[in-house]
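The next block holds one structure in the form of structure tokens; read it before the comments.
The values are calculated or read from the model by the stated rules, or taken from the named source; none is laboratory data. What you are looking at is a predicted structure, and each value in this text was computed from that prediction instead of being measured. For neighbour counting, all protein chains shown are included, and Cβ atoms are generated from backbone atoms with ideal geometry for every residue, glycine included. Surface areas here come from the heavy atoms of the whole protein model, side chains and all, with no ligands, DNA or RNA. Shrake-Rupley method; radii C 1.70, N 1.55, O 1.52, S 1.80 Å.
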Amino acid sequence: MSSLFAESVRTSHASGMPGRSSIRHALTAVAVAAGTAAWSLPAEAHVKWFAPYIVDAAPQPISATLTNVWFWTGIGLVLAFFLATLAVERMAFGKAILSGLDKVSAPLWNRSDDFMRSTTAAFFVAIFAVGGVYLTPDLKTDSELISWAQLLIAGCIFSRRTMPIAAAGIITLWVVALREYDLFHLLDYLALGVGVAGYLVLASSDNPKWRERRFLVLRWGVAIALMWSSLEKFAYPNWFYPLVEEKPFLTFGMPRDVFIPMAGVSEFTMGFGLLWTPLVRRLSSVALLAIFFTAVYPFGRIDLVGHAMIMATLFLVAADPCTKAGVAAPKKVGFALPSLGSLAAVPAGLGVALVVIASSYWGLHGAFYDYDAAKGEPTELTTHSHSKEYPHGPQAKPIAPHSHH
């Protein structure tokens, strides 16, 4: 693979234009890497929406992930895709690809704010109609006031003057949910909520410098949310066993202990890809959209509604022409990411992201919950709760009255 990259780049630089041989080699590199990456991108859904779980159960040690051969296999496949994409992006042919994407996505990008606002309003109308939830399917509530508040948020999105009220409503609902749910549980939805709220505030601003950052904030919120939620597949692989038992076709014939870490790697790395160079993030968004749309068939409308904000953002990331991203000269990208276009920066950046987010996940979970207190209990400590709908999990250990999982 590395020799293929080198040959493609040498041909491009020698001629100054993408010759037929260069284009053929570049397409082969991208196709091979994309194909191997796609093998690690099975359909998935947010497990908390469809299977029982216990948030305060002790997670699997991070060492179990670091010694898992399938975790590193997935990392290798996705790195190959990223490196192939970067190699193509640095050639004239890469610019042609981006130009073609710009032409195809121009109708959507020209109405990007209308699209995002209407999708956000439709999402809040949908969860109002469903009723009994805070912001997302697994945060249940008996309060009718919460449902009506979400309809009010939808109404506030149609005027720029009231969009900050809608943003404040989103954050307020997240805070109110703390009365019934643990903080660590709600961290799953913090980055996305802040991203959408930040978009609404910045989109309503009359200051052009603030307003132009609205999609950047939204993209970062979705990227962090995806990377954070992907760690469940490494910390709690047992949460996914009921889904695999009920829907074995999800694994595409792979053993479940191969499928789960590969799916976790794909979600994390594609989320990471949303923060990288223009072609990487646009292709990452397309791959993620394929995942989410594939998951709608086995999991239904709840999955579509629950992921609506993420999917809307991914459409905009794919459509973004990235006119200020320094496509022609990656080294001129803003001071915060001076080496974004460098091939060596990909494994380094991915490594930093894994260390920061994984250490935060395991560290915060250990700070919030006392695993030692459960060791003396006769009940088996499990990651699943028993229910009539999902009978796979054993009876859960007793949980504190104030916690709602």
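Below are the figures for this structure:
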{"item": "Where Glu267, Glu245 fall by accessible area, highest first, once all protein chains stay in place (1.4 Å)", "result": "Glu245, Glu267"}
{"item": "Accessible surface, 1.4 Å probe, highest first, among residues Val355, Val305", "result": "Val355, Val305"}
{"item": "Per-pair calculated FRET efficiency, R0 = 22 Å: Phe293 and Glu245 via Cβ, rounded to 0.05", "result": "0.40"}
{"item": "Loop chymotrypsin sites (Phe, Trp or Tyr not before Pro), region 172-216 (other Cβ atoms within 10 Å of the site Cβ: 14 or fewer; DSSP)", "result": "none"}
{"item": "Pairwise centroid distance, computed over Cα atoms, of region 51-101 with region 185-245, Å", "result": "18 Å"}
{"item": "Segment Ala122-Val356, length gained on full extension (0.36 nm per residue, minus Cα span)", "result": "80.8 nm"}
{"item": "Chain lengthening between Ser99 and Arg301 when straightened (0.36 nm per residue, less Cα-Cα)", "result": "69.3 nm"}
{"item": "With all protein chains modelled, accessible area of Ile357 [1.4 Å, Å²]", "result": "20 Å²"}
{"item": "Sequence of Phe93, Phe82 when ordered by accessible area, the most exposed leading, probe 1.4 angstrom", "result": "Phe93, Phe82"}
{"item": "Scattering curve values for region 105-159, log₁₀ I(q)/I(0), Debye with Cα scatterers, q = 0.20, 0.28 Å⁻¹", "result": "-0.68, -1.00"}
{"item": "Net lengthening on full extension, Arg160/Arg211 (0.36 nm per residue, minus Cα-Cα)", "result": "17.2 nm"}
{"item": "With DNA, RNA and ligands ignored, accessible area of Arg90 (1.4 Å probe; Å², nearest 10)", "result": "120 Å²"}
{"item": "Apportionment of accessible area to carbon and sulfur, region 162-312, percent (1.4 Å)", "result": "69 percent"}
{"item": "Area of Arg160 that stays accessible when all protein chains are in place (1.4 Å probe, Å², to 10)", "result": "90 Å²"}
